[in-house]
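What follows is a single structure, written as structure tokens, with notes after it.
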Amino acid sequence: MAKRNAVLETSLSAAWADMQTLGGGDPGKWQWSRLHQGFFPHALASAADAATQARLNVGPVPKQGGGETVNMSGYDPATFRQFAGASFRLVLDVGAWDNSRAVNAPGQSGDPASPHYRDLVPLWLKGEYFPLLYSREAVEAAVAQRIELVPGR
């Protein structure tokens with residue numbers, strides 16, 4: 001019993017010291033999401049200057065969850081940066097397709113100049129979704145932009 005208590009006290013003291021280093025001296029301000037960060041690096045960012053990297057990369061953003069939680073997000077224990085987890089989530093209503101929902105982080109566009117390059121990160125962080133419409137009527141009612149692809153131009 002004494003040996004167990006000594007191990008527990010040593011472990012607790014070490015954990016407390018680590019948290020003071022990582023989170024600061026005020027335990028009331030300790031938050032997992034201040035340590036645990038989501039980050040979406042662009043494949044070409046490392047070859048770019050700092051300004052271009054800022055346009056290409058998305059994050060870091062405060063992230064909840066962990067390796068053994070709902071909204072699983074595996075992370076590097078040295079940096080707490082997320083390296084695994086669902087960036088795309090889909091909920092399908094096969095009885096009423098227009099009730100389906102989805103989210104894709106960081107956004108739906110691969111163009112960093114597009115407003116849709118990183119716009120879904122807030123939804124993704126909160127575990128929320130956008131409507132994933134299927135019927136022509138629902139899509140036509142919600143359309144915000146139309147891109148016409150014409151061969152030969």
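We did not get these values from a lab; they are worked out from the coordinates using the rules stated. Computed from a predicted structure; not experimentally measured. All Cβ positions, even for glycine, are placed from backbone atoms using ideal geometry, and neighbour counts span all protein chains on display.
The chain: longest stretch without exposed GluC sites (Glu not before Pro) (DSSP loop, at most 13 other Cβ within 10 Å), sites themselves excluded? Each step should come with its number before you reach the end.
On the way: sites that count: 68, 128, 148.
The answer is 1-67.
What is the angle, in °, between the Cα long axis of helix 2-23 and the longest principal axis of the Cα atoms in the chain? Nearest 10 is fine, range 0 to 90.
50
Just grab the label-to-label distance for residue 92 and residue 111, each label 7 Å out from Cα along the Cβ direction, in nm (one decimal).
2.9
Quick one: what Rg and Dmax do you get for the range 32-85 from the alpha carbons, in Å?
When restricted to the Cα atoms of the range 32-85, Rg and Dmax are 12.3, 37 Å.
Give me the three principal axis extents of the chain from the C-alpha atoms, as integers in angstrom, largest value leading.
So the extents along the principal axes, rounded to whole Å, are 78, 47, 24.
How much of the calculated P(r) for the range 11-51 lies past 17 Å, in percent of all Cα pairs? Please report the intermediate quantities before stating the final value.
Details: 429 of 820 pairs.
Roughly 52 percent, once rounded to a whole number.
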